[in-house]
Amino acid sequence: MDQPLSLKLASLCLISQHKLQNILSQCGDKVDLIIDPSLIKPLERICGVTWLRQHGVDKIYKMDPQLGATANTVRVYFIPACIQKYKCVLDQISSVLSHTPSLADAKCFNIIIVPKVVSSYDSILENRGLYDIVKLYAFAWELMPLDDQLLSLELPFLYKQLFVEQNHSLLSSISMSLWSLFHVTGQPKCILSLGKLSARVLDILEVYKESYSRDFLNTNSSQDIGSLIIIDRDQDYPSSLLTPATYSGLLSEIFNITCGQLELNVKETKLKKGKLNLVTMEETPSKNTSMMLDSSLDNLYGEIKHRHFSEVLSVLSSKAKLLKNEDIKALGIQEMKHYVATKLQQVTLFKQNLVNHVMASETILSEMNNKFENVTFTESEMLNNRNKKSNFTYIDENFGTDIHMYNSLRLMCLLSLTQGLSYEEYNSLVNKYLLAFGYKFLYVFNNLVTAGLLVQPSSPKLSLSNLGNLSERLPKWQNEFQTTAGKLKQLPSKSDDGKSPSYVFNGGYVPLVAVLCNALLTSESLLEVLSKLSALNDLKVGGAVIGQLKDGLETLDEKLSNLNINSSLDFGCKNAKSLLKSMKSDNKVSGFSVKPRTILVFMIGGVTYAEVAACDVIQTATGSKIIIASDCVASGSDLMIANT
C-alpha cells in the first residue's frame with residue numbers, strides 16, 4: 001500500500017470493525033448487547049451505535065449484576081478478560097436459565113471477551129454446566145490512534161495481570177496486535193527489546209510469523225517503520241513515579257482519562273479521591289464536561305500538550321486576548337454572512353476548548369497548591385542520591401499528616417528504588433499507612449514488591465552474623481539505579497531550557513524510552529547503538545539487522561530441531577552484550593548502519609504522557625518520527641491503583 005503512514009494507522013479501525021462484524025454475524029439477526037462500562041469508550045472508537053444497529057444489535061445495556069429481563073432472547077455480553085467479570089456474567093446466565101430452562105436448548109447466550117479467551121474459561125463453563133449453552137468469542141481489537149503519533153490498545157487491566165499477578169496468559173495479545181500492525185506497515189528493520197516480557201512478545205511474534213505466513217505480504221523491510229523498540233514498564237519505573245511537569249502529564253495526574261477522553265470533573269479529582277477524609281460530606285452531583293485530548297480535534301491542545309506547565313497559562317492568556325480583540329461589530333453585512341458561514345463554528349469551538357483548558361489549568365494549580373515545588377525537589381534529591389535522611393523525613397511527615405492512598409505510596413516506592421529503605425524505615429511507613437487506611441490493605445505492599453516497585457529490606461535479626469552485614473549497613477554513595485542512570489546520561493547535571501527531554505520532569509530525569517530512541521536516531525552504526533546502551537542488561541536485538549550479521553536466520557522448525565536441553569528459545573533475537581562483543585572482534589560488521597527515519601515504541605504496562613513529550617523532543621531534534629504505542633496511557637497513580 002503506497003499510502004501515508006497516518007492513513008495506514010487509521011485503517012486499523014476498519015480491521016477491528018471487520019473482526020467484530022464476523023463475530024456479530026454468528027450471534028444472530030436481532031441481539032441485545034450487554035457491555036461492560038470500561039469497554040464503552042473504546043468501542044465508540046471502533047464503531048458507533050448506528051453501525052451496531054446495522055449489524056444485528058437491537059438494544060444496548062450496561063453490564064450490571066442486577067440486570068433483569070432484556071428485550072430479545074439472544075444476549076451478547078461484551079466484557080474484558082477478567083475472571084471476576086466472567087464469573088459474574090455466568091452467574092447472571094445461570095439465574096436466567098433457572099427461571100427459563102427452555103433457553104438452554106436455544107443457545108442464545110454469547111460472550112465476547114477482549115482481547116482473548118483464556119483456556120481456563122472453557123473449564124469454568126464445564127464446571128458450571130454451561131458448556132455448549134454459552135458460546136465464547138475472542139475479540140482482539142487493533143491499536144487505536146488516540147492522538148498524533150500515539151497509539152493504544154486500551155487494555156488498562158494488562159499491567160495488573162502481567163506485573164502484579166504475574167499472569168502472562170494475555171501477553172500473546174500484544175504480539176498479535178504487532179503482527180496485525182506489521183501487515184499494514186511492513187516489518188521493521190531493527191528490533192530492540194528490553195525486559196523479559198518484551199523478549200517473550202518477540203518470541204510469540206516469531207511463532208505467528210511462521211505459523212500464519214501470508215504469501216501476499218512484502219517480506220522486505222518496512223519503508224514506514226525503520227525500528228521497533230519494546231520495553232517492559234518495570235525497566236523504567238521512575239518515569240511513572242515522578243511528578244510530570246508537562247501540561248498533558250499533569251492532566252493525567254488530576255483527571256480521569258479514558259481512551260483519550262478527559263472527564264473535567266473539578267469537584268472529584270484523582271487527588272481528592274485518594275485523600276484520607278475524616279469528615280464525610282454530602283456530595284452534590286455535578287455536570288461533567290468531556291475533553292478530547294486529540295490534536296486533530298483541538299488545535300489548542302496540540303499547541304500546549306507538551307509544554308512545561310509554567311508556560312501554559314501565558315499561552316492561554318494570549319489566545320484569550322486575540323479573541324477579545326476580534327471586533328465582529330465592525331463587519332459589514334456581506335462580511336458578517338461570510339464570517340457566519342466560514343468562521344463562526346470554528347471560533348465557537350475554539351472558545352469552548354479555551355474555557356475547558358483554562359478550567360483544567362486552574363484546577364491543576366489549586367490541587368497542586370504549593371506541593372509541586374517541594375515534591376519535585378525531593379524527587380530530584382532521591383534521583384541523585386542526596387540527603388537520604390531529609391528525603392525520608394519528608395515522606396514520613398507526608399504519611400503522618402498529609403497521607404494519600406496512592407501518591408504517598410509513589411514517594412515510598414521511588415525512595416525504595418533510588419536510595420533504598422532500611423528495615424526500620426520500611427516498617428515505619430507501612431505501619432502509618434495501615435493505621436490510616438486499615439490493615440485490610442496489608443496485601444498492597446506484597447503486590448508492590450511482586451511488581452518490582454518496592455524493595456523489601458530483610459530483617460537484621462534474621463542474619464546469622466551482624467558483622468557479615470556490616471558492608472550492607474554502611475551508607476552507599478551510589479546504588480545500582482544511579483550507576484545505570486549515570487552511564488545512560490539520564491541524570492542531567494543542570495537544568496535545561498526545554499531542549500532536553502529531561503524538562504518533562506523539571507530537568508531532573510530523562511525517561512529511558514527517550515534514551516533508547518536518541519541512541520538509535522543519532523548513531524551511525526549498530527555497534528555505536530549497542531555501545532551507548534551497554535549499561536542495559538536485558539537488552540536484545542532482532543529483526544533484519546541480525547539477518548545481515550550472519551549467513552541466515554534459522555526457521556522455527558530448524559530452531560526446534562537443533563534445540564538442546566539446556567538451550568533457550570531465542571527466536572531471531574540476540575543478547576546485546578554478546579552481540580556487541582562479537583561485533584567488536586569482527587570489524588566487517590561494525591559499520592552496519594541502522595539509522596531509521598521512523599521508530600515505533602511499544603511500552604508493555606502503560607506509557608505516560610511525560611514519556612510521550614520526551615520522545616517529542618527527540619524527534620524534533622533529530623528530524624525523525626517517533627510513534628508511541630502501549631496497552632494504555634497511565635499515570636503513576638494508575639499504577640498504584642492497580643496494586644491496591
request  = Taking H placed 1.01 Å from N in the peptide plane, check which residues at least 5 places from Ile627 or on another chain put their amide H under 5 Å from its amide H.
outcome  = Ile599, Leu600, Val601
task = Output ³J(HN,Hα) for segment 121-137: one whole-Hz value per residue in order, computed from phi by the Karplus curve 6.51 cos²θ - 1.76 cosθ + 1.60 with θ = phi - 60°, and x for Gly and Pro.
result = 5, 5, 5, 5, 4, 5, 5, 7, x, 10, 5, 6, 9, 9, 9, 9, 10
key: Heavy-atom accessible area per residue - segment 355-406, 1.4 Å, Å²   = 50 Å²
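Roll a 1.4 angstrom probe over the protein heavy atoms and tell me the percent of accessible area of segment 136-271 that is carbon or sulfur. Before the final figure, lay out each step's value.
Values: 1880 of 4160 Å².
The C+S portion of the solvent-accessible surface of segment 136-271 is 45 percent.
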message = Give me the three principal axis extents of segment 37-94 from the C-alpha atoms, as integers in angstrom, largest value leading.
response = 30, 24, 14
request  = With θ set to phi - 60°, apply the Karplus curve 6.51 cos²θ - 1.76 cosθ + 1.60 along segment 404-412 and write out the HN-Hα couplings as whole Hz, x wherever there is a Gly or Pro.
outcome  = 10, 4, 10, 5, 5, 5, 4, 5, 4
ask   = Given a 1.4 Å probe, how much area per residue of segment 30-95 is accessible, in Å²?
value = 44 Å²
Length released on extending from Ser119 to Leu322, taking residue separation times 0.36 nm less the Cα-Cα span = 67.1 nm
message = I need the Kirkwood Rh of segment 132-249: take the reciprocal of the average 1/r across all distinct C-alpha pairs and report it in angstrom.
response = 16.4 Å
message = Just to confirm my numbers, what's the Cα centroid distance between segment 52-113 and segment 148-185 in Å?
response = 26 Å
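What is the packing order of peptides 298-309, 508-519, taking the mean over residues of other C-beta atoms within 10 Å and listing the highest first?
On the way: 298-309: 19.1, 508-519: 24.7.
Highest to lowest by the protection proxy: 508-519, 298-309.
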message = Give me the one-decimal nm value for the distance between modelled label points at Asp105 and Tyr439, 7 Å along each residue's Cα-to-Cβ direction.
response = 5.7 nm
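Checking the table Lys532/Lys574; Lys305/Lys499; Lys305/Lys532 against a 19 Å threshold on Cα-Cα, which pairs fail? Don't jump to the answer; show the numbers that get you there.
Values: Lys532/Lys574 17 Å; Lys305/Lys499 16 Å; Lys305/Lys532 30 Å.
Flagged as over cut-off: Lys305/Lys532.
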message = I'd like the Karplus ³J(HN,Hα) series for segment 15-21: coefficients 6.51, -1.76, 1.60, θ = phi - 60°, whole numbers in Hz, and an x wherever there's a Gly or Pro.
response = 5, 4, 4, 5, 4, 5, 4
key: Within segment 91-242, percent of DSSP bridges classed antiparallel, to nearest 5   = 20 percent
remark   = Residues whose built amide H sits under 5 Å from the amide H of Ile191, excluding neighbours closer than 5 in sequence, are Leu228, Gly542, Gly543, Val545
ask   = Counting only Cα, what are the radius of gyration and maximum Cα-Cα distance Dmax of segment 109-152, in Å?
value = 15.1, 48
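The values are calculated or read from the model by the stated rules, or taken from the named source; none is laboratory data. Note that the structure is predicted; figures quoted are calculated from it, not measured. Cβ atoms come from the backbone with ideal geometry, glycine included; neighbour counts cover every protein chain shown. Areas reflect the complete protein model, heavy atoms only, side chains present, ligands, DNA and RNA absent. Shrake-Rupley method; radii C 1.70, N 1.55, O 1.52, S 1.80 Å.
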